[in-house]
Amino acid sequence: MADRSVPLPVLPWAGPTGHDGAMAPTLHATRAPDVPRVAGLPLLGNTPAFLRDARGLVLRAQAQHGDAFGVRVLGQPVTVLMSPQATKEVYVDRTANFSSERGWSFTIGPLFSRGLMLRDFDDHHLHRRVMQHAFRRQALAGYMTRVNALARDHVARAVAEAGADGVEVYRMTKRLTLDIATQVFVGVDLGPQSDLVNDAFVAMMRASVSPVRREIPGTPFAHGMAARRRLQGFLTGLVEERRAAAEADDLLSRLAHATTEEGRPLTVDEVVDHMIFLLLAAHDTTTATLTVMLWHLSQHPAWQDRMAEEVAGLHGADVTIDSYKDLVAGELVMKEALRLSPPVPFSPRGVLRDCEVAGVPLRAGQMVTLASLALHRHPDWWTDPDAFDPLRFAPERAEDRAHSHLYVPFGGGAHICLGNHLAELMTKAVMAAVLAEHRVRARPGQRMEMAAVPIPKPRGGLHLVLA
Ligand code: HEM
């Protein structure tokens, strides 16, 4: 375990530490009068550092201040909590102190409003139960034939079109997950028009981290809201069509036919709101996971061989709800990719009443955020935290089990990811499509750096050779 009593270096970009300029309280101090604040720029606070390098910002602050500190981003003071115990207390939230709706509204709020993650307590519970209909085993099984076929098509096309420097794998996986989103989730084949949906998402994500939160013409926020309205228009007609027809094998049809326990179907607007959020939740997260896995495989050929051997055992058959758990090496590599680069690096919450979390006092009305991107590399808990080492998840070592909330790529508590099994199914189907016929290679000396916000993606793209 790291010795936290050793004085830590002052950050080059930080001014005096602590809200009163005094040195920060130590990591394990309880009942600190307030958390130390990471110094930032006048007016802008820590926003530029957050947008430039969110991981660097929180890891340096953690090294200096410990597991709780304050930053100011997008005009809001936010307390960052990164111990497993605080993560547990906030996610489990036994006394209903934390609002996901308020937390997430801060960034994606008006753009993805009334999505499942932007609902709380009874209302959230009701909608989650209805939506579970689209994530049952039988529904998941029904999505997989098309997922496998799309994965094979996209990989073959990307390889055929690759230039001398290989395949741009972020672009390939993004197009693929977008096609999965439209064809398997929405049930339409948009062809070249799928760029319109993609452009809408890019505009909405850019708007989510825009400091200007009003629809002033020409601003990213106004573009994002206009994109939302285009998606609403596109989806509304489709929901009505699906509802008029028998329930089919696409996620939109499943949602359109889902009912509450009392037999009430969701309204058309509710289905549209859920679908817009689901497209977001499914698309960039899976893209980031696949990109990071492909990168690590290019650096670790032995793991690639292990995964390819498992895939060969499928004898060309699809990855299905019955077979995906047999891909054990694939699972270890996926877990390690999600540890090192969690696609949802922060889980913000609004504090509803004065309370205390893992010894940190919080006040009603303030914002807190959990930060898996730092928790997953916490030096007190992980062996060689920055190293790619999938075996840390093997049963003999099980480093992730040291605390129930040390490893939380899919969140925890009432809002735990509804699509976690689907994400694993999709990821394994795509990796099988790649490794059935190819090996992934990087150029000598090639490097990859992931930006964490607004969505995790490789800076400058990522070209890899699929030979
Ligand atoms: C590797 C891929 C994915 C990762 C890492 C991921 C991660 C997460 C995380 C961390 C949360 C909780 C955030 C919070 O509590 O603040 C979440 C929520 C959610 N995710 Fe995922 N997700 C992934 C893929 C998917 C997919 C494929 C779907 C659906 C098709 C999906 C649907 C959802 C939904 C609906 C919620 C909201 C749940 C609720 O509020 O009750 N996710 N996801």
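The values are calculated or read from the model by the stated rules, or taken from the named source; none is laboratory data. All figures in this text were calculated on a predicted structure; none of them were measured in a lab. Ideal geometry is used to build each Cβ from the backbone, glycine not excepted, and the neighbour counts take in all protein chains shown.
Quick notes
- Only one entry of ASP284, ASP305, ASP322 meets the criterion of being surrounded by fewer than 16 Cβ atoms within 10 Å (Cβ to Cβ) and in a helix (DSSP H, G or I), and that entry is ASP305.
- Hits in region 260-274 - residues which are modelled with pLDDT under 95 and out of contact with any His (no Cβ under 8 Å at 6 or more places or on another chain): THR260, GLU261, GLU262, GLY263, ARG264
- Annotation: of all residues in region 345-366 being surrounded by fewer than 21 Cβ atoms within 10 Å (Cβ to Cβ) and part of a strand (DSSP E or B), the one that is nearest to the ligand (Cβ to nearest atom) is GLY350.
- Within region 413-438, if we keep just the residues that are buried (at least 20 other Cβ atoms within 10 Å of the Cβ) and charged (D, E, K, R), the residue that is farthest from TRP303 (Cα to Cα) turns out to be GLU424.
- Close Cβ contacts (under 6 Å, 6 or more residues apart or on different chains) running from residues in region 278-290 that are in contact (Cβ under 8 Å) with a residue 12 or more places away in the chain to residues that are among the aromatic types (Phe, Trp, Tyr) and more than 6 Å from the ligand (Cβ to nearest atom) comprise LEU280/PHE112.
- Put simply, of ARG441, ARG447, ARG401 the only residue that is among the basic types (Lys, Arg) and surrounded by 15 or more Cβ atoms within 10 Å (Cβ to Cβ) is ARG441.
- Residue match in region 383-392 (condition: touching a Leu at 6+ places or on another chain (Cβ under 7 Å), over 30 Å from ASP165 (Cβ atoms) and within 16 Å of the ligand (Cβ to nearest atom)): no
- Qualifying residue in region 244-257 (condition: hydrophobic (A, V, I, L, M, F, W, C), closer than 20 Å to ALA139 by Cα, touching a Phe, Trp or Tyr at 6+ places or on another chain (Cβ under 6 Å) and assigned to a helix (DSSP H, G or I)): yes
- Single residue of region 397-422 satisfying the filter (aliphatic (A, V, I, L, M) and touching a Pro at 6+ places or on another chain (Cβ under 9 Å)) that is nearest to the ligand (Cβ to nearest atom): VAL408
- Within region 101-115, being under 25 Å from THR260 (Cβ atoms), within 12 Å of the ligand (Cβ to nearest atom) and out of contact with any Leu (no Cβ under 7 Å at 6 or more places or on another chain) holds for ARG102, ARG114, GLY115.
- Restricting region 22-45 to residues that are surrounded by fewer than 14 Cβ atoms within 10 Å (Cβ to Cβ) and at pLDDT 50 or above, the residue that is farthest from the chain's Cα centre (by Cα): PRO42
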